[in-house]
Amino acid sequence: MKDFDYILVGGGLQNGLITLAVLHACPQARIALVEQNNRLGGNQTWSAHALDVPCGAYAWMEPLFERRWKCYEVVFPGLRRLIHRAYGTIPADRLDRVVREELSKNRACRLYTGRTATRLTSHEVELDHKERLHAQTVIDARGLELRVNLHETSGYQKFLGLEVLLDKPWDTNHPIVMDATVEQIDGYRFMYVLPFSDRRVLVEDTCFSNHPEYDDSKARVHIEKYLYNRGIKILKTVRQETGVLSMPWGKSTCLNFLTAGWRGGWFHPATGYSMPAAVRLAGMVAEDAPKRPDRHKVGRLIKKLSIQMRFARRLNQMLFRWIRPERRVEIFERFYRLPSDTITRFYAMDTNFMDRIRIMVDRPPFAPWFRIPGRRDTA
């Protein structure tokens, strides 16, 4: 049996961040990172808004970012807005490379790829029914299979992203986080665009829908049509990523740092972004490295995030149960008319009381959030 300070099961964003945070704070920490696939991060791209990452975390997170921009854009039928807040992106291949490099600097650390955790306890992990590992702290962040029997308590975020090479330069040098001028089908639909260079971009067709069924072939046609309407053709598809994520409004299970990432509910219910919760959990674990995190610190973090998650779940309930699918685009257009600080704090899961009031109602105490579509506020 091999002994470690931490055994991190699952090689996605959450445990990648915990690895980097702990080794930055305590270079001698003994970490075992277990991933059933041969590479870390799968085939995903993670992004972060300005306040998603605390200032102190950039010391160990900076190598992960492939691109960082000073602003991003949103486009709606009645609104086109450039939001001057930082935005950055982390591709899976970069997470894989950076985490491997950090683990290789410490001989006491081990990376187990292509291995399956067949049994977990609070201090022990068994691999492939053979090898056993022991640690002070075991954190399970293996992700969570989508449960499609939750139609009464969840909406769904469905997407297909294509990283492509274009026949001519893309016409913006900043991300388009939402372009909702596309046809509104299957709920609220928008395009998401990350320009890595003038001719290499990630274009993602996304829907906020009441059901999880998704046709990748139709989404690909939507992307090609979107580019064609801008006078651009795809020369080559470099890679693709696809997913169906839960946007829950049902009762939440209690957060627990030993079950992290999506498996443990450490994500933003209303946006699908996992960075705000993941980076804060990683920083908290690193504060007491190589010891087990202090339970009082854990409790304070969970209390703060739980307030934000309950609010986000309430918004999901309104969106998916009270708003007709064809009217949802108007709700998001109104949201992006709010002050940029309110928008940024919402994404960062750091809203204050007044932020939540502004998001929920038009001009307090008048029209409630779900009756606002006809308004064209500029507040």
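Every condition in (1) within 15 Å of the chain's Cα centre (by Cα); (2) open to solvent by less than 10 Å² (accessible area, probe 1.4 Å); (3) over 18 Å from LEU13 (Cβ atoms) is met by MET191 except one, and the failing one is (1). When ILE7 is tested against (1) without any contact (Cβ under 8 Å) to a residue 12 or more places away in the chain; (2) crowded, with 24+ Cβ neighbours inside 10 Å, just one condition goes unmet, and that condition is (1).
Only residues that are open to solvent by 10 Å² or more (accessible area, probe 1.4 Å) and part of a strand (DSSP E or B) were counted across segment 154-177, and they come to 4. Scanning segment 224-249 for residues that are more than 25 Å from GLY143 (Cβ to Cβ), crowded, with 17+ Cβ neighbours inside 10 Å and in contact (Cβ under 8 Å) with a residue 60 or more places away in the chain returns LEU227, ILE232, ILE234.
For segment 1-81, the strands (runs of 3 or more DSSP E) that sit wholly inside it and include 1 or more residues that are touching an Asp or Glu at 6+ places or on another chain (Cβ under 6 Å) are 2-9, 72-76. When ALA312 is tested against the conditions (1) open to solvent by 20 Å² or more (accessible area, probe 1.4 Å); (2) in a helix (DSSP H, G or I); (3) among the hydrophobic types (A, V, I, L, M, F, W, C), the lone failure is (1).
Is it fair to say SER197 is out of contact with any Asp or Glu (no Cβ under 8 Å at 6 or more places or on another chain) and closer than 23 Å to ARG81 by Cα? So SER197 fits the description; yes.
Table: residues versus (1) open to solvent by 70 Å² or more (accessible area, probe 1.4 Å); (2) closer than 25 Å to TYR72 by Cβ; (3) modelled with pLDDT under 90.
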position: PHE332; (1), (2), (3): no, yes, no
position: PRO339; (1), (2), (3): no, yes, no
position: ILE343; (1), (2), (3): no, yes, no
position: PHE353; (1), (2), (3): yes, no, no
position: THR378; (1), (2), (3): yes, yes, yes
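The number of residues in segment 194-212 being among the acidic types (Asp, Glu) and crowded, with 18+ Cβ neighbours inside 10 Å comes to 2. Which of the residues spanning segment 286-304 are without any contact (Cβ under 8 Å) to a residue 60 or more places away in the chain and either among the aromatic types (Phe, Trp, Tyr) or in a loop (DSSP other than H, G, I, E, B) (or both)? Result: ASP288, ASP294.
The values are calculated or read from the model by the stated rules, or taken from the named source; none is laboratory data. Remember, it's a predicted structure, so these values are computed and weren't measured experimentally. No Cβ is skipped: glycine too gets one built from the backbone with ideal geometry, and neighbour counts run over all protein chains shown. When the accessible area is computed, the model is the full protein with side chains, heavy atoms only, and any ligands, DNA or RNA have been set aside. Shrake-Rupley method; radii C 1.70, N 1.55, O 1.52, S 1.80 Å.
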